[in-house]
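Everything on this sheet refers to the single structure shown next.
The values are calculated or read from the model by the stated rules, or taken from the named source; none is laboratory data. Keep in mind that this is a model prediction, so the values were computed, not measured. All Cβ positions, glycine included, derive from the backbone under ideal geometry; neighbour counts span all protein chains shown. Note: areas computed on protein heavy atoms with side chains; ligands, DNA, RNA excluded. Shrake-Rupley method; radii C 1.70, N 1.55, O 1.52, S 1.80 Å.
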Amino acid sequence: MKKILLTGFALFSALLLKAQSATEIKPLTAAEVSKRLISKYSPLAFAPITKLDYDNIKSVRKKEQASVIPKLSNADSLDVSYVNVPGLNSGDPEIPIRIYKPKNADKAPIFLWFHGGGFVYGNLNWDHKNCANIAVRAKVVVISVDYRLAPENKFPAGVNDAYSVFLWSKKHAAEIGGNPDHIGVGGGSAGAGIAGSMVLVNRDKKGPKIDFQVLFFPPADVDTTRVSVRELWSIPGVKGADIPVLLKMYIGDDYLKNVPENALPGLTKSFEGLPPTYIATCGVDPLRDGGLFYGQNLILAGIPVELHNFPGYPHGLLPDKVFPEVYDFMHQYYK
């Protein structure tokens, strides 16, 4: 009877997917996107749409280089220091990191953080305030990693940098007030992709234990036919049309035919043996469906997962309540 039920469910799912693929998924208009956003973000739907190309990347990076380190309102509660970590392989450049240690921290858990930016943008200033807040409020040593960017440095360069910093943090934990036996990782957007891929690499290498991963709106795989990608194909901010462009820059022109295993968190043959995972997706985000599918695969593999979708939120924005939840999750699995 159980076999019949499972067969019936599989048939129903196949028919549903066929019907969905047979229906043309049309990009939403600005007015339609506006209605899906919560009221305070609805005007964003009518903002200018940016073309993602090399000129845009150069322009954004120039602004990033000219930016100053944001001032911290809680600067008196932590020590911020800088280290250049050796690259993973011979010839790899050193990796700049920024360390946020709560005052008087001793053997505090360690949390590695990877910034977003589509694998092509971003630096240590992007999440400076966020990293400081996590360090103080969660009472952990946060290490923010300035990994190499595409298209100059395609996969696995950024993931190698992440893994090198992970191994360094375990070896040098005592020097930064951290505990080598309690290390978690996390990131937002492309940074979540870097973190999730690094976790896969560590599992396959049978490396040191990682307590958990926290992934905000992760790029899970290379499927650009999902409803969220197609409906949000042409919107302000991160749009569906950006995804194939960024995948080519990060993985290579033939990313669909020659997909490297572990290039993104969902590109693995097995979801078993991974650490507890917290995933947050945004309801009005082309990456939404891939992140949800990845979370479901983890659940089916028996991995402890907290999977949250926040309707009405665009890519990169989350409600404030997320962070207390994440802190509770972190300390639940620092073991």
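For segment 298-309, the criterion of being touching a Ser or Thr at 6+ places or on another chain (Cβ under 8 Å) and either part of a helix (DSSP H, G or I) or in contact (Cβ under 8 Å) with a residue 60 or more places away in the chain (or both) is met by at least one residue. The set of residues in segment 212-240 being touching a residue at least 60 places away in the same chain (Cβ under 8 Å), over 18 Å from residue 188 (Cα atoms), surrounded by fewer than 19 Cβ atoms within 10 Å (Cβ to Cβ) and not aromatic (Phe, Trp, Tyr) consists of 223, 225, 227, 230, 234, 236. Of everything listed in (1) open to solvent by 20 Å² or more (accessible area, probe 1.4 Å); (2) free of Cβ contacts under 8 Å to residues at least 24 places away in the same chain; (3) not in a loop (DSSP other than H, G, I, E, B), the single unmet condition for residue 269 is (3). Scoring residue 316 on the criteria (1) open to solvent by less than 20 Å² (accessible area, probe 1.4 Å); (2) under 25 Å from residue 131 (Cα atoms); (3) not charged (D, E, K, R) leaves a single failure, condition (1). Listed by first and then second residue, the pairs with beta-carbon distance under 8 Å, at least 6 apart or on different chains, first residue in segment 168-191 and touching a residue at least 60 places away in the same chain (Cβ under 8 Å), second surrounded by fewer than 18 Cβ atoms within 10 Å (Cβ to Cβ) and polar (S, T, N, Q), are 176/81. Can you name the residue in segment 241-266 that is among the β-branched types (Val, Ile, Thr) and touching a residue at least 60 places away in the same chain (Cβ under 8 Å) and, of all such residues, is nearest to residue 299 (Cα to Cα)? If we take residues in segment 241-266 being among the β-branched types (Val, Ile, Thr) and touching a residue at least 60 places away in the same chain (Cβ under 8 Å), then 251 is nearest to residue 299 (Cα to Cα). Condition check for residue 151 on (1) touching a residue at least 12 places away in the same chain (Cβ under 8 Å); (2) crowded, with 17+ Cβ neighbours inside 10 Å; (3) more than 30 Å from residue 321 (Cα to Cα): one failure, at (2). Restricting segment 180-195 to residues that are under 14 Å from residue 335 (Cα atoms) and not aliphatic (A, V, I, L, M) leaves a set whose member that is least open to solvent (accessible area, probe 1.4 Å) is 184.
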